[in-house]
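For reference, the structure is listed below as structure tokens.
The values are calculated or read from the model by the stated rules, or taken from the named source; none is laboratory data. Worth saying up front: this structure is predicted, and the values here are computed from it rather than measured. Neighbour counts are summed over all protein chains in view; Cβ atoms, including those assigned to glycine, are modelled from backbone coordinates with ideal geometry. Ligands, DNA and RNA are excluded from the accessible area calculation, which covers all protein heavy atoms including side chains. Shrake-Rupley method; radii C 1.70, N 1.55, O 1.52, S 1.80 Å.
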Amino acid sequence: QLVESGGGLVQAGGSLRLSCAASGLPFNSYGMGWFRQPPGKEREFVAAISWSGMTLYRDSVKGRFTISRDNAKNAVYLQMNSLKPEDTAIYYCAARRLTAAGHQLADYDYWGQGTQVTVSS
């Protein structure tokens, strides 16, 4: 089970930190990712992290977002800085039964319910 938290309403230029708590999974050996679904659009990749901490990012969030994980707490985080209105979306946490990070939806086996992030201009 994956449960996201930390979403909300923020002004452009602000920051939010999303958290994802995992249970019932061998978290330490799973790659983890964050995806988002903007209004009226398809779900898209945001960031991913391997079991060892290697990271991947969507080009539009590089330098603004940081993904991290705490294997002792079975948690993954997404620190989002310098937020823009185009970052508005439902953000989903995902887990894959492989240790490497992945950037495609099909790479992932488990999904959370999502948390809404709204960035006002």
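Restricting attention to the range 57-72, report how many residues are assigned to a loop (DSSP other than H, G, I, E, B) and either within 20 Å of Leu105 (Cα to Cα) or modelled with pLDDT under 95 (or both).
Matching residues across the range 57-72 total 4.
How many residues does the range 15-29 hold that are touching a residue at least 40 places away in the same chain (Cβ under 8 Å) and either open to solvent by 20 Å² or more (accessible area, probe 1.4 Å) or touching a His at 6+ places or on another chain (Cβ under 6 Å) (or both)?
Here the count works out to 9.
Just checking, does the range 43-52 include any residue being of a type outside the set (S, T, N, Q), touching a residue at least 60 places away in the same chain (Cβ under 8 Å) and on the phi < 0 side of the Ramachandran plot?
Checked the range 43-52: at least one residue is of a type outside the set (S, T, N, Q), touching a residue at least 60 places away in the same chain (Cβ under 8 Å) and on the phi < 0 side of the Ramachandran plot.
Quick one: in the range 97-121, which of the residues that are of a type in the set (Ser, Thr, Tyr) and assigned to a loop (DSSP other than H, G, I, E, B) is least open to solvent (accessible area, probe 1.4 Å)?
So, considering only residues that are of a type in the set (Ser, Thr, Tyr) and assigned to a loop (DSSP other than H, G, I, E, B), the one least open to solvent (accessible area, probe 1.4 Å) is Tyr108.
Inside the range 73-96, can you point out the residues that are open to solvent by less than 20 Å² (accessible area, probe 1.4 Å), within 30 Å of Ser121 (Cα to Cα) and not in a loop (DSSP other than H, G, I, E, B)?
Matches in the range 73-96: Val76, Leu78, Met80, Asp87, Ala89, Tyr91, Cys93, Ala94.
Report yes if Met54 is at pLDDT 95 or above, aliphatic (A, V, I, L, M) and open to solvent by 10 Å² or more (accessible area, probe 1.4 Å), otherwise no.
In short, yes.
Would you be able to say whether some residue in the range 35-49 is at pLDDT below 95 and surrounded by fewer than 17 Cβ atoms within 10 Å (Cβ to Cβ)?
Taking every residue of the range 35-49 in turn, none turns out to be at pLDDT below 95 and surrounded by fewer than 17 Cβ atoms within 10 Å (Cβ to Cβ).
Which residues, counting only those in the range 57-72, are basic (Lys, Arg) and surrounded by fewer than 14 Cβ atoms within 10 Å (Cβ to Cβ)?
The one that is basic (Lys, Arg) and surrounded by fewer than 14 Cβ atoms within 10 Å (Cβ to Cβ): Lys62.
Among the residues of the range 1-41, write down those that are outside any strand (DSSP E or B) and hydroxyl-bearing (Ser, Thr, Tyr).
Listed by number, the residues that qualify are Ser15, Ser23, Ser29, Tyr30.
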